[in-house]
Structures are given as structure tokens and as C-alpha cells.
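The values are calculated or read from the model by the stated rules, or taken from the named source; none is laboratory data. Here the structure is a predicted model, which means the values were calculated and not measured. So basically every Cβ, Gly included, is an ideal-geometry build from the backbone, and we count neighbours across all protein chains shown.
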Amino acid sequence: MIQILDTTLREGEQTTSVSFNTNQKIKIAKLLDQFGIDFIEAGHPAVSQKIKEDVKTIVNLNLNANIIGHARATKEDIDAVLECGCKWIGIFMGLNDLSLEHKYHITREQAEKRFLDALNYAKENNLKVRCSLEDGSRTNFNDWINFAKKAEEIGVDRISVIDTVGAMTPLRIFEFIKKIKQEIKTELHVHCHNDFGMAVANSLTAYEAGVICIDTTINGLGERAGIASLSTICAALNVFYGIKKYDLTLLPEISKLIEQYTKIKVSARQPIIGENVFTHKGGLHSSAVLENPETYELISPEVVNQKRKIVLGNMVGKKVLRKLNHKLPEEEINKIFYELKTRQG
Ligand code: HCA
Ligand code: CU
């Protein structure tokens with residue numbers, strides 16, 4: 001089994017200059033639901049009254065997706081999530097030396113107590129709980145496991161493996177999760193940042209190592225370089241692992257909507273949804289694709305509601321022109337061919 005938790009409305013809103021209004025959030029949540037998303041992280045209600053209202057609004061849409069509210073390990077934050085009517089809560093806290101010394105300014109014992117108290121409080125209030133060890137990838141492994149065992153005893157429903165600053169490589173996260181799974185029975189989530197461009201690769205290897213849920217955002221939004229992108233992850237799950245549960249044809253619409261709301265343009269080379277990713281230019285490429293697209297396409301554009309394009313430029317071959325129009329006389333082909341050959345691109 002695999003699930004996707006989309007956190008465009010929480011992590012995505014932490015992107016520089018990004019903030020969604022209520023109607024935009026409703027539209028995003030409904031589209032994600034239609035797509036078949038398993039979880040929508042709707043926001044961190046304690047941040048502001050507006051975010052709290054918006055999380056409530058998303059909960060009241062009664063979507064199929066589970067709605068999860070984000071909280072620090074404090075009673076106030078958990079109460080705010082409860083007030084919104086969320087059934088799921090994600091409680092996060094960092095337990096590595098850097099966080100203890102420079103963020104919380106408390107001892108490990110105090111931090112663990114604070115975190116465990118919060119997890120207990122959420123469980124007592126009948127919430128389903130995801131326990132997030134922030135910066136887990138830079139946390140001493142024994143500290144990570146010892147804490148996760150205590151969280152497991154409390155009965156948290158999920159534990160998240162978090163690569164807060166993109167410090168993992170695929171092999172490292174694979175080993176990390178394999179080791180965790182020898183000691184922890186609770187289902188795992190994974191949340192990978194993209195600081196070194198490995199968020200998608202790390203998330204997929206985490207899946208191979210046994211996590212049950214991958215965190216994504218639309219267009220890979222998020223703090224700094226963002227996190228794993230919804231479209232790349234879901235298309236990769238389809239192609240590499242045969243997972244067909246999501247409606248991939250909605251991906252361009254979802255991506256464009258976010259482009260419009262955020263005014264952050266997706267790169268033309270962005271996997272799956274970029275403008276160029278089903279465009280072929282080299283003569284040999286175009287000719288082969290016209291004969292059988294599989295020669296240069298691992299996924300068909302139709303699967304993700306995109307269109308194949310052939311560039312007619314200076315790299316064109318006569319074969320391409322013939323394949324594009326069987327009826328064109330040879331002298332016409334020669335004329336077009338020489339004209340294209342003198343072009344810039
Ligand atoms: C944050 C940090 C976080 C938390 C992830 C989580 C991270 O912005 O609060 O709570 O599961 O990457 O560590 O996004
Ligand atoms: Cu994050």
C-alpha cells in the first residue's frame with residue numbers, strides 16, 4: 001500500500017511570497033480530493049486566526065481525503081487543531097542537538113517530556129496522530145529510535161521520517177528506514193526536502209524501504225528549495241511500481257492552478273508537467289518517436305494529459321518531414337528541409 005499526503009496548504013504556504021486565500025484553498029483541496037489524494041495537510045491552525053478558519057472550512061468540505069492539522073508539541077497548538085474538527089494531527093518537534101541547543105534551549109529530557117506529553121494529550125483527545133521527528137535525518141539514530149519506541153507505546157498512528165534540510169541520499173535513507181523497520185512496527189511517513197535536488201529520489205527509495213506514505217506539494221513548493229513534487233512522485237509510482245490509484249490526468253490542471261495562484265512559474269523542464277518534457281528535437285529522436293514513441297518516452301503524454309510535440313528546427317531530418325506528411329513531394333521536402341537547416345534553433 002502507498003498513500004500520499006499533500007501539504008501544499010501547509011508546507012506549500014511556507015514558500016516565500018506564497019499565501020492562498022480561502023477560496024483558493026477550497027479549490028486546491030477539492031482538486032486534490034478528486035485526484036484521489038489520501039491526506040491533505042490543511043494548515044497549522046495556531047499560526048493565525050485566518051489559517052484556523054481555513055482549516056475548519058477544509059474539514060467542513062467533507063472530502064474523502066483525511067484532513068490533518070499541523071501542530072507544535074504544545075497544548076495550545078493541539079487545541080487549535082481540535083477546534084477545527086480535524087481527525088488527524090501532525091505533531092512535530094526536533095530532538096537533535098542542534099534543535100535542543102539553538103531552537104528550544106532545553107535539555108533532551110525536557111524536550112522528550114514535552115513531546116511525549118503532547119502526543120499523549122492528542123491521543124487522549126481521540127485524535128489520530130502522526131509523530132514527526134523534525135530533522136530526523138540529522139538526529140542520532142539511537143535517540144531517534146528510543147524516542148520513536150516511546151511514541152509507539154503511547155499509540156501514535158504514524159511516525160514520520162523527516163529530512164528537513166535535504167541531508168539524505170537515496171542509499172542513506174534506504175538504510176535508515178530499513179534499520180527503523182527492524183525496531184518499529186508503527187507505519188512510517190516520509191517528508192523529504194529538495195535542497196540537493198534529491199527529494200523525489202529519496203522519497204521513492206523510502207517507499208522501497210517500506211514507508212507507507214509520502215509527503216508532497218504541488219509543483220514542489222515549500223521552505224527553501226521545497227519538497228517532493230506531487231506530479232513527479234505520482235507519475236513515478238505509476239511507471240516504476242504500477243500504482244494506478246491516482247487520476248494523473250488532473251496533474252496539468254492542478255499544477256497550472258498553483259502556478260496561477262502563486263505566480264511561481266514551473267520550469268519548462270519540470271518532470272511530467274513542464275512545457276518541454278514531451279517535446280522532441282533531435283532528428284534521430286523525432287524520427288524514432290514518430291515511428292514508436294516508446295523509443296524516447298518512458299511515460300506517454302496522454303497518461304498525464306499532456307501533448308507530444310516535435311520541434312521542426314535546424315536539427316530536423318528529411319525522414320521526420322516524410323513521416324509527418326506522407327503526401328509531400330520530395331522537392332517540397334527538400335525546400336522545407338534546407339529552410340529549416342538555416343534556422344537558429
Ligand atoms: C516545518 C518543518 C517540517 C515539519 C514536517 C512535519 C520539516 O516547517 O514545520 O511536521 O512532518 O520539514 O521538518 O516541514
Ligand atoms: Cu518540511
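Whether a residue is within 16 Å of ligand 2 (Cβ to nearest atom), in a helix (DSSP H, G or I) and in contact with a strand residue (DSSP E or B) (Cβ under 8 Å, 6 or more places away or on another chain) was assessed, and K123 does not pass this test. Residues of the range 150-174 that are out of contact with any helix residue (DSSP H, G or I) (no Cβ under 8 Å at 6 or more places or on another chain) and of a type in the set (D, E): E152, E153, D157. Step by step: first the residues of the range 145-159, then only those that are surrounded by fewer than 22 Cβ atoms within 10 Å (Cβ to Cβ) and over 13 Å from L116 (Cα atoms), then the one that is nearest to ligand 2 (Cβ to nearest atom). Which residue is that? In this case the residue turns out to be D157.
For the range 214-230, which positions are away from ligand 1 (no atom under 12 Å from the Cβ) and of a type in the set (S, T, Y)? Within the range 214-230, T216, S229 qualify. I37 meets each of the listed conditions (1) part of a loop (DSSP other than H, G, I, E, B); (2) touching a helix residue (DSSP H, G or I) at 6+ places or on another chain (Cβ under 6 Å) apart from (2).
Here is a check on your reading of the model: is I58 assigned by TED's automatic domain parsing to the domain that holds S255 and within 18 Å of I227 (Cβ to Cβ)? Can you show your working first?
Numbers: assigned by TED's automatic domain parsing to the domain that holds S255: yes; within 18 Å of I227 (Cβ to Cβ): no.
The answer is no for I58.
Selection of the range 270-281 for residues being in contact with a Gly (Cβ under 9 Å, 6 or more places away or on another chain) and either small (G, A, S) or without any contact (Cβ under 8 Å) to a residue 40 or more places away in the chain (or both) yields only K281. Within the range 187-203, residues that are within 11 Å of ligand 2 (Cβ to nearest atom) have Cβ atoms under 6 Å from residues that are part of a strand (DSSP E or B) and of a type in the set (D, E, K, R) in these pairs: H191/D215; C192/D163; H193/D163, counting only partners at least 6 apart in sequence or on another chain. Applying a threshold of 7 Å to beta carbon distances and a minimum spacing of six or more residues, or different chains, the list of pairs starting in the range 154-178 at a residue that is in the same structural domain as F115 (by TED's automatic domain parsing) and closer than 16 Å to I214 by Cα and ending at one that is more than 15 Å from ligand 2 (Cβ to nearest atom) and in a loop (DSSP other than H, G, I, E, B) reads R158/T186; I159/I184; I159/T186; V161/V211; I177/G210; I177/V211. Of all residues in the range 126-144, those being touching a helix residue (DSSP H, G or I) at 6+ places or on another chain (Cβ under 9 Å) and within 13 Å of ligand 2 (Cβ to nearest atom) number 5.
Residues to consider are G85, G136; find the one that is loosely packed, with under 14 Cβ neighbours inside 10 Å and touching a residue at least 24 places away in the same chain (Cβ under 8 Å). Just one listed residue meets the conditions, G85.
Taking the criterion of being of a type in the set (D, E, K, R) and exposed (fewer than 14 other Cβ atoms within 10 Å of the Cβ), would at least one residue in the range 300-309 satisfy it?
yes
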